[in-house]
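Enquirer: My questions will all concern the structure given below.
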Amino acid sequence: MASIPSHARVVIIGGGIVGCSVAYHLGKRGCSDVLLLERRRLTCGTTWHAAGLVGQLRATQNLTRLAQYTTQLYEGLERETGQATGFKQVGSIAVAASAARLEELKRGASMARCFGLEVEILSPGAAKERWPLLSVEGVLGAVFLPEDGRTNPIDTTQALARGARNAGVRIAEDVKVTAIRTERGRVKGVATEAGEVRADVVVNCAGMWAREVGGWANVTVPLHAAEHFYIVTQPIPGLTSSLPILRDADACSYFKEDAGKLLVGWFEPQAKPWGEGGIPENFAFDQLPADLSHIEPLFAAAIRRVPALESAGVQVFFNGPESFTPDDRYLLGETPEVRGLYVAAGFNSIGIQSAGGAGKVLADWIIDGHPPFDLWDVDIRRCVPFQRNKRYLRDRTVESLGLLYAMHWPFRQAETSRGVRKSALHDRLAAAGGCFGEVAGFERANWFAAPGTEPRYEYSYGRQNWFEQSAAEHRAVRERVGLFDQSSFAKFALRGRDATAVLGRICANDVDVPIGRIVYTQWLNERGGIEADLTVTREAEDAYFIVTSCATQTRDFNWLSRSIPEEAHAGAVDVSAAYAVLGLMGPRSRELLVTLTDADLSTAAFPFGTSRIIDLGYARVRASRITYVGELGYELYIPTEFAQSVYDVIVGAGSSFGLQLAGYHALNSLRMEKAYRHWGHDITPDDTPLEAGLEFAVAWSKKGGFVGRDALLRQRQEGVRCRLVAVALERTDVLLYHNEPIWRDGELVGSISSGMFGHTVGAPLGLGYVENTDASASEEWITAGRYEVEVAAERVPARVSLRPFYDPSSLRVKG
Ligand SMILES: Cc1cc2nc3c(=O)[nH]c(=O)nc-3n(C[C@H](O)[C@H](O)[C@H](O)COP(=O)(O)OP(=O)(O)OC[C@H]3O[C@@H](n4cnc5c(N)ncnc54)[C@H](O)[C@@H]3O)c2cc1C
């Protein structure tokens, strides 16, 4: 066993490709007091047996940036370190065997272009020219990414390790970490079989062991291992080392030339979870038993695509474990539970292609105290504590491996591990035809099936089966009144005599308002980027009620808690489960509510932006006059045990007012028409309120200032080059989802951040940023352009506006 120092600034647990990349990048940034501890030998976990595919196109711009960086890194690593990596930029081809898959590939190609990736759309014939053994039977088209590549995972990891050592990082093999030491919510070091090591920062890169390692410090790292299969054939004549990687997602298969042989791997729809009882102690450079009956149907599909496989003998049947997360995205960043404890794990079969970028941004995060750009897609703060539940993870893993190659349908919902978190009204909504979607395990009605029809999704890229039903819900809200169950909202209580000062410091808007006022605000980072988007209601002199989205519950609560100085007299409590929320929205909402309460609901007594506790039915509820749909309406915060009785009286009274239950798809369509921003899509830590058009919520001169103010002032002085605009397509037969490129006068100027059909405006709508690279993005510059949005490689004319398409003066909201 190696002798190890008793202190290091950073300790990394795990010497797979990810741990070595974090070590390498810390070293590159000049942070060399780093100790990497590997329980056996480098690469012995999952890394050693990876197929080595290095693709670049990911679902979002920033993840694509990370994968692009990985490619650039691997390209130069051998030159830098002298250690061969086997990296080769051979390109990749993805074929489509259905019209829907072709649309998916073309949408991906449009997105790739907007991220600066080279991409070509190929006819079946052109694909065959590049990949001669390909059978194009049933193939409708293909996409070619010339800069994709492949690498040797062991050699690449060794090169990263060598680069790290060259920078002064210490790497100790055969040293198992046995515990993480913490004190008052902060990491203090690790215990190992070779003694204690004190550290300021600990990074959990323990691959499929990472859930258990996190558990030592009571940290949620939701991942589970699954078996992943590939074969390697005997040599096949005609295979050259420059052959691109081939993917046929419809056949769940990928193909890679490997020293004159073919490596063929699969992402099958029904995967086999592994290691439920824990990963065996002695697992190193191991593989799992082959399961020929499991891969037989997959093999048959691969043969149909590459018939030469039929007569090629199989040299290797490989089965190795890899870890998967509930949403197929990896887990990165500082844990909300323990300061100084970071995670980089759960790579869902793309750890080799992600390691370079993930290692770089995590090193930046550790050194700078924040990620270099928005990494919400992979941020560990998206996880919620129940997701450590092993049965939940096991059952979800059956599905998540296959989702890599399944159709990435818009609105696609997981089918496994469902029904975990439910609103108190869930059964009532289900009985009324609710079709549910899931966010962080919370079941939410997305739409309501008409009587006699099934509440089940039929997916497509066009109008899905719920389109008309959701349109009816939308119209009911615009014309009469709709009822939304928004119980999944996260809610926090902040109390104490310093509550106003603490909250005032993190809110860009002024929260020192009269009791009963609701303040819409953002929380900014020091760079002026938007970390959270929420409402704050002043309940008392020293008490606030904070409401934010379900998806950001952990993140926002963590931001709030960590913003309370130790000496401050203020405490935050997550009270999300204590309240159900009903959104009663629409021009007739007041008329309806008046029949159920004796509170004065007139605008004079109860104006927009205020909140009061009122009698409703037999209950007392907090009614907040606020909206995310752009109509007169009330959000009702109901102590959970009263939710059903309140719901029943509202629905009971509703029929005379044309009340309609409405779901999240209608909510999305309604908010899009009003250009209400959605955090995570339209506003992120990369966007400032000035760029996002939220200057109205910035209290520039409030007492005490606020975090991010200096950066905003600088930006205001320098001028804003990038602005959020509302976009409406001139055609109604295509739909916008996200990431579609925006062209202005034939030049690429931005992309769509979120999209939905607007049923009142009567057009596919989107929000998105447009950038003027030469000067500030003034209103004149924006309105002077001729716009098109690229959907599946086709440009569609569009209108663009800085103001919402629906009720730009908000007359309906305030009426
Ligand atoms: C068959 C197969 C094919 C794949 N093909 C590809 C591909 O083509 N492209 C791609 O991008 N990805 C691919 N992957 C995925 C990729 O291999 C993984 O995502 C990646 O290797 C994960 O790296 P890691 O460093 O997170 O984990 P690991 O390589 O498992 O490293 C974790 C390390 O932590 C160590 N460790 C655990 N506990 C402790 C402890 N207590 N103390 C000290 N050390 C500890 C382990 O020994 C291990 O070495 C494939 C995976 C499989 C299974």
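The values are calculated or read from the model by the stated rules, or taken from the named source; none is laboratory data. Worth saying up front: this structure is predicted, and the values here are computed from it rather than measured. We place every Cβ from the backbone using ideal geometry, glycine too, and count neighbours over all the protein chains shown. The accessibility values were calculated without ligands, DNA or RNA, using every heavy atom of the protein model including side chains. Shrake-Rupley method; radii C 1.70, N 1.55, O 1.52, S 1.80 Å.
Enquirer: Of all strands (runs of 3 or more DSSP E) completely enclosed by segment 504-597, which ones contain at least 3 residues that are more than 16 Å from Ser624 (Cβ to Cβ)?
Expert: 518-524, 530-540, 571-574
Enquirer: Still on this model: Can you tell me which residue in segment 326-370 is nearest to Asn152 (Cα to Cα), limited to those that are β-branched (Val, Ile, Thr) and either free of Cβ contacts under 8 Å to residues at least 12 places away in the same chain or away from the ligand (no atom under 11 Å from the Cβ) (or both)?
Expert: The selected residue is Val361.
Enquirer: Does Ile303 meet the test of being more than 22 Å from the chain's Cα centre (by Cα), closer than 30 Å to Pro235 by Cβ, at pLDDT 95 or above and of a type in the set (A, V, I, L, M)?
Expert: The answer is yes for Ile303.
Enquirer: Count, please, the residues in segment 311-325 that happen to be open to solvent by 10 Å² or more (accessible area, probe 1.4 Å) and either among the hydroxyl-bearing types (Ser, Thr, Tyr) or within 16 Å of the ligand (Cβ to nearest atom) (or both).
Expert: The total comes to 7.
Enquirer: Going residue by residue through segment 106-116, is there one that turns out to be open to solvent by 10 Å² or more (accessible area, probe 1.4 Å), more than 27 Å from the chain's Cα centre (by Cα) and on the phi > 0 side of the Ramachandran plot?
Expert: Scanning segment 106-116 turns up no residue that is open to solvent by 10 Å² or more (accessible area, probe 1.4 Å), more than 27 Å from the chain's Cα centre (by Cα) and on the phi > 0 side of the Ramachandran plot.
Enquirer: Quick one: would you say Ala308 is within 18 Å of Lys128 (Cα to Cα), away from the ligand (no atom under 11 Å from the Cβ) and either out of contact with any Pro (no Cβ under 6 Å at 6 or more places or on another chain) or open to solvent by 10 Å² or more (accessible area, probe 1.4 Å) (or both)?
Expert: The answer is yes for Ala308.
Enquirer: Separate question: Polar (S, T, N, Q) and either more than 13 Å from the ligand (Cβ to nearest atom) or not in a helix (DSSP H, G or I) (or both): is that true of Thr156 in this structure?
Expert: Against the criterion (polar (S, T, N, Q) and either more than 13 Å from the ligand (Cβ to nearest atom) or not in a helix (DSSP H, G or I) (or both)), Thr156 does not qualify.
Enquirer: Go through the residues of segment 503-520 one by one and say whether even a single one is crowded, with 18+ Cβ neighbours inside 10 Å and hydroxyl-bearing (Ser, Thr, Tyr).
Expert: no
Enquirer: Still on this structure: Of all residues in segment 19-57 being in contact with a Phe, Trp or Tyr (Cβ under 7 Å, 6 or more places away or on another chain) and of a type in the set (A, V, I, L, M, F, W, C), which is farthest from Glu75 (Cα to Cα)?
Expert: Looking at the filtered set, the residue picked out is Cys44.
Enquirer: Might you let me know whether segment 154-163 holds any residue that is open to solvent by 20 Å² or more (accessible area, probe 1.4 Å), over 24 Å from Arg388 (Cα atoms) and of a type in the set (Lys, Arg)?
Expert: Yes - at least one qualifying residue is present in segment 154-163.
Enquirer: Still on this structure, I have one more. Considering only residues that are closer than 17 Å to Ala210 by Cα and either at pLDDT below 95 or assigned to a strand (DSSP E or B) (or both), which ones fall in segment 11-42?
Expert: Once the filter is applied, which keeps residues that are closer than 17 Å to Ala210 by Cα and either at pLDDT below 95 or assigned to a strand (DSSP E or B) (or both), segment 11-42 yields Val11, Ile12, Ile13, Leu36, Leu37.
Enquirer: Quick check: anything in segment 464-471 hydrophobic (A, V, I, L, M, F, W, C) and over 30 Å from Gly108 (Cβ atoms)?
Expert: No, segment 464-471 contains no residue that is hydrophobic (A, V, I, L, M, F, W, C) and over 30 Å from Gly108 (Cβ atoms).
Enquirer: Something else: Would you call Ser293 hydroxyl-bearing (Ser, Thr, Tyr), open to solvent by 10 Å² or more (accessible area, probe 1.4 Å), within 25 Å of Ile154 (Cα to Cα) and more than 13 Å from the ligand (Cβ to nearest atom)?
Expert: Against the criterion (hydroxyl-bearing (Ser, Thr, Tyr), open to solvent by 10 Å² or more (accessible area, probe 1.4 Å), within 25 Å of Ile154 (Cα to Cα) and more than 13 Å from the ligand (Cβ to nearest atom)), Ser293 does not qualify.
Enquirer: Any idea which of (1) free of Cβ contacts under 8 Å to residues at least 24 places away in the same chain; (2) within 25 Å of the chain's Cα centre (by Cα) is the one Glu129 doesn't satisfy?
Expert: Checking Glu129 against (1) free of Cβ contacts under 8 Å to residues at least 24 places away in the same chain; (2) within 25 Å of the chain's Cα centre (by Cα), the one that fails is (2).
Enquirer: Restricting attention to segment 430-447, and to residues there that are aliphatic (A, V, I, L, M) and assigned to a strand (DSSP E or B), which single residue is surrounded by the fewest Cβ atoms within 10 Å (Cβ to Cβ)?
Expert: Result: Val439.
Enquirer: Filter segment 326-345 down to residues that are assigned to a loop (DSSP other than H, G, I, E, B) and either open to solvent by less than 40 Å² (accessible area, probe 1.4 Å) or more than 23 Å from Ala50 (Cβ to Cβ) (or both), then give me how many there are.
Expert: Of the residues in that region, 8 qualify.
Enquirer: OK, next. Would you please list the contacts, defined by Cβ atoms under 9 Å and residues six or more apart or on different chains, that run from a residue in segment 197-216 that is acidic (Asp, Glu) to a residue that is open to solvent by less than 10 Å² (accessible area, probe 1.4 Å) and away from the ligand (no atom under 11 Å from the Cβ)?
Expert: Matching pairs, first to second residue: Asp200/Ala8; Asp200/Val10; Asp200/Val187; Asp200/Gly189; Asp200/Gly340; Glu212/Val221.
Enquirer: Please determine whether any residue of segment 400-421 is buried (at least 22 other Cβ atoms within 10 Å of the Cβ), within 20 Å of Gly680 (Cβ to Cβ) and not basic (Lys, Arg).
Expert: Within segment 400-421, not a single residue is buried (at least 22 other Cβ atoms within 10 Å of the Cβ), within 20 Å of Gly680 (Cβ to Cβ) and not basic (Lys, Arg).
Enquirer: Next question, about the same structure. Among the numbered criteria (1) over 30 Å from Asp682 (Cα atoms); (2) out of contact with any helix residue (DSSP H, G or I) (no Cβ under 6 Å at 6 or more places or on another chain); (3) open to solvent by 50 Å² or more (accessible area, probe 1.4 Å); (4) β-branched (Val, Ile, Thr), which single criterion is violated by Thr595?
Expert: (2)
Enquirer: Go through segment 159-192 residue by residue and tally those that are in a loop (DSSP other than H, G, I, E, B) and either within 30 Å of Phe87 (Cβ to Cβ) or within 16 Å of the ligand (Cβ to nearest atom) (or both).
Expert: 7
Enquirer: Out of (1) open to solvent by less than 50 Å² (accessible area, probe 1.4 Å); (2) free of Cβ contacts under 8 Å to residues at least 60 places away in the same chain, what's the single condition that is false for Ala99?
Expert: Among (1) open to solvent by less than 50 Å² (accessible area, probe 1.4 Å); (2) free of Cβ contacts under 8 Å to residues at least 60 places away in the same chain, Ala99 violates only (1).
Enquirer: Could you list, in sequence order, the residues of segment 193-244 that are in a strand (DSSP E or B) and more than 15 Å from the ligand (Cβ to nearest atom)?
Expert: Those that are in a strand (DSSP E or B) and more than 15 Å from the ligand (Cβ to nearest atom): Arg198, Asp200, Val201, Thr233.
Enquirer: Right, something else. Just a yes or no: is a residue in segment 378-394 assigned to a loop (DSSP other than H, G, I, E, B) and either open to solvent by less than 10 Å² (accessible area, probe 1.4 Å) or not polar (S, T, N, Q) (or both)?
Expert: Among the residues of segment 378-394, at least one is assigned to a loop (DSSP other than H, G, I, E, B) and either open to solvent by less than 10 Å² (accessible area, probe 1.4 Å) or not polar (S, T, N, Q) (or both), which makes the answer yes.
Enquirer: Within the bounds of segment 269-287, is there any residue that is part of a helix (DSSP H, G or I) and either basic (Lys, Arg) or under 26 Å from Met407 (Cα atoms) (or both)?
Expert: Scanning segment 269-287 turns up no residue that is part of a helix (DSSP H, G or I) and either basic (Lys, Arg) or under 26 Å from Met407 (Cα atoms) (or both).
Enquirer: Does Asp258 count as more than 10 Å from the ligand (Cβ to nearest atom), under 20 Å from Ile93 (Cβ atoms) and open to solvent by 60 Å² or more (accessible area, probe 1.4 Å)?
Expert: Judged against the criteria, Asp258 is not a match.
Enquirer: Something else about it: Would you be able to say whether some residue in segment 264-284 is buried (at least 23 other Cβ atoms within 10 Å of the Cβ), away from the ligand (no atom under 11 Å from the Cβ) and over 27 Å from the mean Cα position of the chain (by Cα)?
Expert: yes
Enquirer: Turning to a different aspect of this structure: State which residue is most open to solvent (accessible area, probe 1.4 Å) when the search covers only segment 9-50 and only residues that are more than 14 Å from the ligand (Cβ to nearest atom) and closer than 16 Å to Arg198 by Cβ.
Expert: Result: Arg9.
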